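The values are calculated or read from the model by the stated rules, or taken from the named source; none is laboratory data. Since we're looking at a predicted model, the values are computed, not measured. Positions of Cβ are generated from backbone atoms using ideal geometry, with glycine treated the same way; all protein chains shown enter the neighbour counts. When the accessible area is computed, the model is the full protein with side chains, heavy atoms only, and any ligands, DNA or RNA have been set aside. Shrake-Rupley method; radii C 1.70, N 1.55, O 1.52, S 1.80 Å.
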Amino acid sequence: MRTLVLSVWSILYPLVALAAAPFWMLKMFRRDGLGSGLLERIGIYAREAEFERTGAVYIHAVSVGEVLLALKLITKWREETGDHFVLVPTTATGMAVAREKAPKDVRVIYAPLDFGFLIRRVMKRLEPRVVVMVESELWPNLIYQTHRLGIPIGLINARLSPRSGRRLKKFRNFVEPFLKLLSHVGVPEKEDLIRWQEIGVREEATVLTGNVKFDPSGAALPKRRPEFSELLDQFPKRPVAMAVSTFAGEEEYLDGAFREAGCQPVIVPRHAERRTEVAEALKGAVILRSQFRKPTGSESFVIDSTGELRDWTAHADVAVIGKSFFEEGGQNPSEAILAGVPVICGPQMANFEPLVTELKEAGGICMVSSREELVVALRNLPTEQIARARAVLEKHSGAMVRTIALFS
């Protein structure tokens, strides 16, 4: 079955890649990704092969969220083992963050396209001692060719939602031949152990590590930056309500609620390139982080930058989680919690279960289902919520150390 899947993949993947190329290139252009080393996607590098440092931990991280998680892990990993690293993003925004924030001795390259010959070329060039995929990234050739070369490969922070588990279970015959090749799968919750095993991961390969995203130990917490304070101080003196990682439709909805509650609106869109769309949705009454000017009235502040969200969160008086009102799934509430900021979310937070249910039961998060409830919550948020939320995250303490131990 593995041979059949690879044969079909070798036909379909190039066709899909070609069909998507114009849209992908446009997206890369909008995210300033063109000319940023895209030849690395087909295995062409500026550095001569003889100067590559072999034996690294190769970390495959798709976009900004995965890259930031990888960087958090790398900091602790280097302290624990002294390993060196190759960080491999897929998207232009992920690459930009990796190049800006990765330590100088971390090799940062684009992920090669999932062609068997390209994966073999890259693996033979770098000769990593282990390949680590961040979260639930499953690429047939990356898994198969790496295993074939005798390099251990695994997943970290591999959450599998009930919906994704049911979907993959329908295709178990196709995914199981690859999942059986994984050396280690570190999962955040007990429920994830069962779901991964049900679709083909070996029982002895799955380990409950806790969630690295929510691990409050071993990494720098969100912190207030003087340059951020200087910008915010120019706005009217009122509580700062920050909309975190918003999607289309949420900006104007949350902005209106913030204003009704007497708060200073700060909007952080999930994708910075939506800045013009967001400004139009807010009828132009905005100041962009990228084009800052002194406020003249009651403008909203739009943070149209990449990779700064964690420290911006530390400047909020309350954080409201995006993708939880009109989209499904929600965004990560942990950075606001670690920053000591109370959190409000909408009803759509399935991507962060069971954490959100635990937070609700502990009184550590406020979930609202209407604008009226949101305005009331913004005006009356209890400060004791912060300590309760932090206590829930403590159960994930040590997740980084346990994850590192899998691959050491």
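Points to keep in mind about this one:
- Applying a length cut-off of 18 Å (Cα extent along the axis) and a mean Kyte-Doolittle floor of 1.0 to the DSSP H helices of the chain leaves 2-30.
- Between the amide H of Val318 and those of Val240, Met242, distances stay under 5 Å, these residues lying 5 or more places away or on another chain, with hydrogens modeled in the peptide plane.
- When the charge dipole of the chain is built from unit charges on Cβ atoms (+1 for Lys and Arg, -1 for Asp and Glu) and taken about the Cα centre, the candidate among His271, Leu26, Gly210 whose Cα reaches farthest toward its positive end is Leu26.
- Proximal charge balance of Pro239 [Cβ under 10 Å; K/R count +1, D/E count -1]: +2
- Segments 355-364, 245-254 sorted - mean Cβ within 10 Å per residue, highest first: 245-254, 355-364
- Around the Cα centre of the stretch 243-342, unit charges on the Cβ atoms of Lys, Arg, Asp and Glu (plus for the first two, minus for the last two) sum to a dipole of about 300 debye.
- Rolling a 1.4 Å probe across all protein chains gives Asp233 an accessible area of roughly 90 Å².
- Amide H contacts under 5 Å for Leu155, placed H, 5+ residues apart: Met133, His184, Val185, Gly186
- The stretch 98-197: radius of gyration over Cα atoms, expressed as a fraction of 2.2 N^0.38 Å: 1.16
- Peptides ranked, highest mean first, by Cβ atoms within 10 Å: ranges 127-135, 80-88: 127-135, 80-88
- Summed side-chain charge close to Val108 - residues other than Val108 whose Cβ falls under 12 Å, Lys, Arg +1, Asp, Glu -1: +2
- Rounded FRET efficiency, nearest 0.05, which uses the C-beta distance separating Leu208 from Glu328 and R0 of 25 Å: 0.45
- Think of each Lys and Arg Cβ as +1 and each Asp and Glu Cβ as -1; about the Cα centre, that makes the dipole of the chain roughly 820 debye.
- Within the stretch 147-246, the chymotrypsin sites (Phe, Trp or Tyr not before Pro) that combine a DSSP coil assignment with at most 14 other C-beta atoms in a 10 angstrom radius are Phe171.
- Centre separation in Å (Cα based) which lies between the stretch 335-349 and the stretch 267-320: 18
- Computed lengthening from Ser305 to Asp83, 0.36 nm per intervening residue step minus Cα-Cα distance: 76.8 nm
- Only helices enter this figure: runs of n ≥ 4 DSSP H residues, each worth -39500 (n - 2.57), summed and divided by the residues of the chain, yield -12500 deg cm²/dmol at 222 nm to the nearest 500.
- Normalising by residue count, the stretch 260-408 has a Cα convex hull of 137 Å³ per residue.
- Labels on offer are (i) 78, 56, 47; (ii) 103, 38, 35; (iii) 61, 45, 40, and the one holding Cα extents along the principal axes in Å computed from this structure is (iii).
- When all protein chains stay in place and ligands, DNA and RNA are ignored, the 1.4 Å accessible-area order of Met123, Met367, largest first, is Met367, Met123.
- DSSP bridge pairs, the stretch 116-239: antiparallel proportion in percent, nearest 5: 0
- Accessible surface, 1.4 Å probe, highest first, among residues Lys76, Lys223: Lys223, Lys76
- Rounded to the nearest 0.05, the FRET efficiency derived from the C-beta distance between Lys237 and Arg390 at R0 = 25 Å is 0.35.
- Of the residues Thr3, Thr91, ranked by 1.4 Å probe accessible area with the largest first, the sequence reads Thr3, Thr91.
- Taking a sphere under 11 Å around the Cβ of Glu66 and counting the other residues whose Cβ falls inside, with K and R at +1 and D and E at -1, yields a net charge of 0.
- Calculated FRET efficiency for the pair Glu137/Ser408, C-beta based, R₀ 30 Å, to 0.05: 0.90
- Total charge dipole magnitude, the stretch 279-329, about the Cα centre, Cβ charges on Lys, Arg, Asp, Glu only, Debye to nearest 20: 220
- Once the Cα-Cα distance is subtracted from the 0.36 nm per residue extended length, the Lys170 to Val16 segment shows a gain of 53.2 nm.
- Long pairs among Lys72/Lys223; Lys237/Lys323; Lys124/Lys213; Lys190/Lys360, criterion Cα-Cα beyond 23 Å: Lys237/Lys323; Lys124/Lys213
- Euclidean distance between Cα centres, the stretch 215-254 to the stretch 170-214, Å: 35
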